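The structure appears right after this line, and notes come after that.
Rule-based calculations on the coordinates, nothing more; no lab input. Bear in mind that the values here come from a model prediction, so they are computed numbers and not experimental data. Because the Cβ atoms are built from the backbone with ideal geometry, glycine has one as well, and the counts that use them run over all protein chains shown.
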Amino acid sequence: MTGEGLYLDGVTVVFDGFRALNTLSLLVAPGELRAVIGPNGAGKTTMMDVITGKTRPVSGIARFDGHDLTRMEESVIANLGIGRKFQKPTVFDALTVFENLELALKAPRGPVACLRWRLSGAARSAIERTAEQVGLAERASDPAGRLSHGQRQWLEIGMLLMQDPKLVLVDEPVAGMTDHETAETARLLVGIAGERSVVVVEHDLDFVRALGCRVTVLHEGTMLSEGSIDHVQADPRVVEVYLGR
Amino acid sequence: MRRFLLPGIVALLALLPLLNLLPEGHPIRVSDFVVSVAGKWLCYAILALALDLAWGYAGILSLGHGAFFALGGYAIGMHLMRLIGPRGTYGHPVLPDFMVFLGYQELPWFWWGFGHFPFALLMALLVPGLLAFAVGYLAFRSRITGVYLSIITQAMTYALMLAFFRNDMGFGGNNGFTDFKELVGMPLNTPFARSVLYFAALAALVGCFLLSAAMTRTKFGRVLAAIRDAESRVRFLGYDTLRHKLFVFVLSAMMAGLAGALYVPLVGIINPGEFSPANSIEAVVWVAFGGRGTLVGAVLGAFSVNALKTWLTSFAPDLWLIVLGVLFIAVPLLMPRGLVGMLRR
């Protein structure tokens with residue numbers, strides 16, 4: 001694993017005088033799995049927006065593997081290897097799980113290239129590996145429309161993985177999932193990390209505990225506490241603003 | 001069983017003109033009328049196939065595909081007019097009758113080249129293709145989709161109809177083109193010519209079907225289906241959806257143009273009525289009735305709805321537009337997946 005990972009330092013974002021992020025600093029090492037928690041309005045989504053280039057900070061540094069994220073277009077950042085999964089899964093219902101993953105696979109994207117596209121052995125095994133990874137190997141030839149809510153989320157994560165990102169941002173992946181699906185998702189994300197960095201934004205503390213990773217607590221746009229889940233849950237400031245309520 | 005269904009249908013259709021050659025009064029002889037009607041339906045089936053590619057696969061609901069069909073028809077019609085030569089009523093060696101009547105001194109520049117069959121055939125494909133490229137590029141680039149796109153395509157065919165009605169457009173105005181004499185050295189209005197044109201239409205239908213089937217089975221076909229269901233998500237995956245939509249829309253328009261080019265020698269007339277918005281809507285009803293996004297459904301829909309139309313108009317022609325309207329509303333409500341969807345269930 002090369003590169004320096006994700007590096008945010010003193011990032012401030014202001015919307016109409018409201019400080020959505022206030023000198024936020026965050027360091028995510030290559031291959032690290034990190035959970036980010038915090039009450040509503042703490043700046044979790046704004047942080048993701050800064051990393052993916054959707055929002056520009058007024059001050060501070062945001063770098064990924066040495067590239068200045070504050071100066072790049074969204075598509076350029078995506079091509080750097082930063083993938084983001086939004087809350088609402090959008091998979092192509094009419095296509096099978098395999099075909100969904102195939103569309104996401106890195107390959108020339110033009111109409112003629114798509115007409116001439118032949119599935120190589122390497123591409124097939126990459127798709128099958130990802131289907132396996134997200135727990136959908138047995139559903140590979142089923143239409144995505146027949147998947148459960150949880151499975152659709154996994155397929156969406158799988159489509160993200162097909163683009164071979166170095167950093168995966170996952171926004172509230174277990175909202176609306178059953179307990180079993182939640183546990184499976186935790187296992188899936190732990191499995192993805194290592195090859196790449198994963199940042200998970202989540203409300204569900206049991207899920208965050210299952211991730212077994214370092215936790216960052218955000219509050220009013222800045223980092224309040226950081227450490228293991230036991231450490232942050234014992235932090236009196238965290239208890240006061242978030243956990244105690 | 002299903003593997004033999006399509007070749008079986010093609011074999012049956014191929015048999016029709018042969019049965020027409022049997023002597024009059026033979027029990028299984030097929031009449032001239034049936035052959036010419038079936039030939040028309042073959043052309044309609046190609047138009048339906050073209051529409052299914054754009055609508056059924058890419059979600060581009062064109063309510064103006066009749067315009068591409070008519071332009072293809074006009075291109076071949078211009079060739080047929082040029083072939084009449086001095087045999088027209090006015091006997092002018094170069095100018096078609098309507099031009100003499102309107103006082104033209106020489107052939108307008110946009111008629112040049114139409115004396116040659118390959119050129120006319122090329123134009124029957126290129127002109128619809130270019131129009132689709134221009135309209136599609138402007139609409140897709142502005143991200144116009146859904147009902148707004150349908151309205152634009154409908155307006156396109158209506159505007160063309162009004163333009164072609166005008167005498168000074170140089171396309172025969174109201175009357176269009178008719179009284180064709182021959183095509184590629186073959187006198188028209190003979191049983192032989194009818195069979196040749198019929199087989200040409202059948203071959204084109206089979207060719208367009210195989211091409212469409214092969215295309216929709218590639219990754220391109222899957223990208224189209226993905227665009228139909230969630231275009232912004234496809235863009236988010238890094239696909240330039242404008243290029244994919246434009247590609248299929250232009251190809252579809254060219255296929256519709258080919259259908260029109262085959263249609264006009266068969267029916268022996270083309271006039272601005274072919275641009276009528278109702279024609280385009282009828283084509284949409286064929287595809288919806290047969291089952292969109294299936295290709296087979298488009299062909300079955302074209303045949304079955306036209307069979308209904310032919311039967312109905314033989315005794316109650318005024319009813320047809322009402323039935324068409326009812327179908328337009330009832331089919332999506334009652335059989336959203338069409339005939340094919342019902343048969344597969």
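Structure values in brief
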item	result
Positions within segment A:128-155 being within 18 Å of the chain's Cα centre (by Cα) and either more than 14 Å from every other protein chain (Cβ to nearest Cβ) or surrounded by 24 or more Cβ atoms within 10 Å (Cβ to Cβ) (or both), in sequence order	A:Thr130, A:Ala131, A:Gln133, A:Val134, A:Gly135, A:His149, A:Gly150, A:Gln151, A:Gln153, A:Trp154, A:Leu155
Pick from segment B:213-249, criterion at the interface with another protein chain (Cβ under 7 Å from one of its Cβ atoms) and of a type in the set (Val, Ile, Thr), ranking: surrounded by the fewest Cβ atoms within 10 Å (Cβ to Cβ)	B:Thr218
Subset of segment A:1-21 (residues that are farther than 17 Å from A:Gly81 by Cα and surrounded by fewer than 18 Cβ atoms within 10 Å (Cβ to Cβ))	A:Asp9, A:Gly10, A:Thr12, A:Val14, A:Phe15, A:Asp16, A:Gly17, A:Phe18, A:Arg19
Complete set of residues in segment A:63-90 that are assigned to a helix (DSSP H, G or I) and within 26 Å of A:Asn100 (Cα to Cα)	A:Glu74, A:Ser75, A:Val76, A:Ile77, A:Ala78, A:Asn79, A:Leu80
Residues (closer than 30 Å to A:Gly176 by Cα and without any contact (Cβ under 8 Å) to a residue 40 or more places away in the chain) located in segment A:103-129	A:Ala126, A:Ile127, A:Glu128, A:Arg129
Residue ID - nearest to B:Val37 (Cα to Cα), chosen from residues in segment B:318-331 that are touching a residue at least 40 places away in the same chain (Cβ under 8 Å) and surrounded by 13 or more Cβ atoms within 10 Å (Cβ to Cβ)	B:Leu324
Residues of segment A:68-94 that turn out to be at the interface with chain B (Cβ under 9 Å from one of its Cβ atoms) and crowded, with 21+ Cβ neighbours inside 10 Å, as a count	2
Selection status of B:Pro118, under 23 Å from the mean Cα position of the chain (by Cα), at negative phi, surrounded by fewer than 20 Cβ atoms within 10 Å (Cβ to Cβ) and not aromatic (Phe, Trp, Tyr)	yes
Some residue of segment B:301-317 being under 21 Å from B:Ala256 (Cα atoms), of a type outside the set (Lys, Arg), touching a residue at least 24 places away in the same chain (Cβ under 8 Å) and not in a helix (DSSP H, G or I)	no
Output for segment A:95-126, where each listed residue is under 17 Å from A:Ser141 (Cβ atoms), more than 7 Å from every other protein chain (Cβ to nearest Cβ) and not in a helix (DSSP H, G or I)	A:Thr96, A:Leu105, A:Leu119
A:Gly60 being touching a strand residue (DSSP E or B) at 6+ places or on another chain (Cβ under 8 Å), part of a strand (DSSP E or B) and within 14 Å of chain B (Cβ to nearest Cβ)	no
Among residues of segment A:215-242, those that are out of contact with any His (no Cβ under 9 Å at 6 or more places or on another chain) and surrounded by 16 or more Cβ atoms within 10 Å (Cβ to Cβ), counted	13
